[in-house]
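Below: the structure, in structure tokens.
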Amino acid sequence: MVSNPVLVEVTRGNVVESRHRGAMSIFDGDGRQVFSIGDVERLTFPRSAIKSIQALPLVESGAADAFGFEDADLAMACASHSGEPEHVARAELMLKKAGLDASALECGSHWPTQQPVLIDLAKSGKEPTALHNNCSGKHAGFLATCMHCGMQTKGYVAQGSEIQDTVRDVMQSVTGARHSLDHCGTDGCSIPTYAIPLSDLANGFAKMATGNGLEPLRANAAKRLINACMAEPYYVAGSRRACTELMQLAPGRIFVKTGAEAVFCGAVPELGIGFALKCDDGGTRASEAMVISLLSRLFAKDQELSAKLAAMANKELKNWNGISLGYVRPTELISAANII
């Protein structure tokens with residue numbers, strides 16, 4: 001296996017203390033790979049980065065319209081949220097619209113990922129529920145689709161269930177990659193997850209952004225989901241989260257979604273491109289620097305936005321006394337790349 005290049009460095013003083021390797025791929029709407037770094041054919045579990053593709057059946061089936069889902073609901077169906085009160089309430093509302101409650105969720109429960117929210121919940125003496133799970137919106141979308149289409153809700157997370165087979169077929173169609181049981185694992189929220197190349201993920205998100213290569217019904221559903229996430233970025237992630245902050249920085253111009261183990265997928269609709277990347281060691285600090293620097297280069301012609309993104313990509317590190325220690329910074333392979 002060929003080693004991927006170092007794409008992010010972490011400095012302490014003037015010395016590079018840590019290095020993060022990774023790979024990234026960019027496709028245009030014509031199905032051409034216009035830029036790549038590293039081994040983009042290596043099998044990668046996209047994890048939560050592909051939730052917008054997994055949400056396509058919710059819109060295509062008519063379930064979203066049947067249950068009156070708004071942009072915030074659709075954004076939640078694509079989300080890895082922080083378990084903040086607004087997220088919990090929205091997931092509960094989605095289930096209620098579909099005639100269900102939290103007892104139908106099979107994603108498991110965990111504490112909110114935002115520390116202040118976690119502390120407030122603990123102080124209240126309450127325990128987290130499945131509604132606090134970062135994937136509860138996605139699962140509410142699955143359940144709504146099941147209810148509308150007459151699919152079995154009990155056991156909906158399992159490999160071989162009607163909804164998971166439907167989702168797999170959609171992902172296979174959009175990305176063009178075979179989703180093999182030999183390369184299938186179980187995601188944190190208990191649904192199947194399939195390892196496919198970054199190049200196929202980038203190609204899939206170029207299709208999502210442009211509609212090219214998708215039948216009209218699917219193209220319209222993809223556009224609706226991408227637009228909903230860009231319109232309601234708080235519901236895609238939450239306070240002080242990279243996905244939310246990037247989409248808020250350039251409203252309607254950036255779609256981005258992270259996944260566990262340092263994956264990012266996304267699109268720039270105005271450029272008609274999709275991208276996918278992964279930091280080899282699973283480090284979120286590195287994957288965030290990678291995606292922000294990549295976006296800075298993609299928006300090179302918009303000097304103001306590009307400069308803001310470049311500044312975000314070079315994150316200053318401070319100790320508990322507020323003393324500057326160094327930076328998490330992208331290497332020139334990204335920061336100086338001539339991508340478009």
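The values are calculated or read from the model by the stated rules, or taken from the named source; none is laboratory data. Remember, predicted model here, so these are calculated numbers, not experimental data. Every residue, glycine among them, receives a Cβ derived from its backbone with ideal geometry; neighbour counts consider all protein chains shown. For accessibility, only protein heavy atoms count, side chains too; no ligands or nucleic acids. Shrake-Rupley method; radii C 1.70, N 1.55, O 1.52, S 1.80 Å.
Miscellaneous remarks
- Set of lysines with alpha-carbon distance to K301 below 25 Å, sequence-local pairs under 8 removed: K207, K223, K257, K315
- Largest first, the residues I340, I53 sort by 1.4 Å accessible area into I340, I53.
- Annotation for I119 and D169: the two label points, set 7 Å from Cα along the Cα-Cβ direction, are 5.0 nm apart.
- C-alpha long axis of helix 284-298 to longest principal axis of the chain, angle in °: 80 degrees
- Solvent accessible area, Å² - L333, 1.4 Å probe, full protein context: 90 Å²
- Percent carbon-and-sulfur accessible area, the range 67-199, ignoring ligands, DNA and RNA, probe 1.4 Å: 50 percent
- Ordering of 237-250, 12-25 by packing [mean C-beta count within 10 Å, highest first]: 237-250, 12-25
- Test item: Cα-centred dipole of the chain, Lys/Arg +1 and Asp/Glu -1 on Cβ, debye: 520 debye
- Ordering 266-276, 133-143, 61-71, 310-320 by mean Cβ neighbour count within 10 Å, with the highest value first, yields 133-143, 266-276, 61-71, 310-320.
- Accessible area (Å², per residue) of the chain, counting only protein heavy atoms and a probe of 1.4 Å: 42 Å²
- Formal net charge of residues neighbouring V236 (Cβ-Cβ distance under 10 Å; K, R +1; D, E -1): +2
- Within the chain, C78, C146, C149, C184, C229, C243, C265, C279 have no other Cys Cβ under 4.7 Å of their Cβ and so lack a disulfide-compatible partner by this rule.
- Bridgeable lysines around K126 (alpha carbons under 24 Å apart, same-chain partners fewer than 8 residues away excluded): K96, K138.
- Per-residue ellipticity at 222 nm from helix content only, as computed over the chain with -39500 (n - 2.57) for each DSSP H run of at least four residues, stands at -11500 deg cm²/dmol.
- Rounded to 10°, Cα long-axis angle of helix 198-210 versus longest principal axis of the chain: 70 degrees
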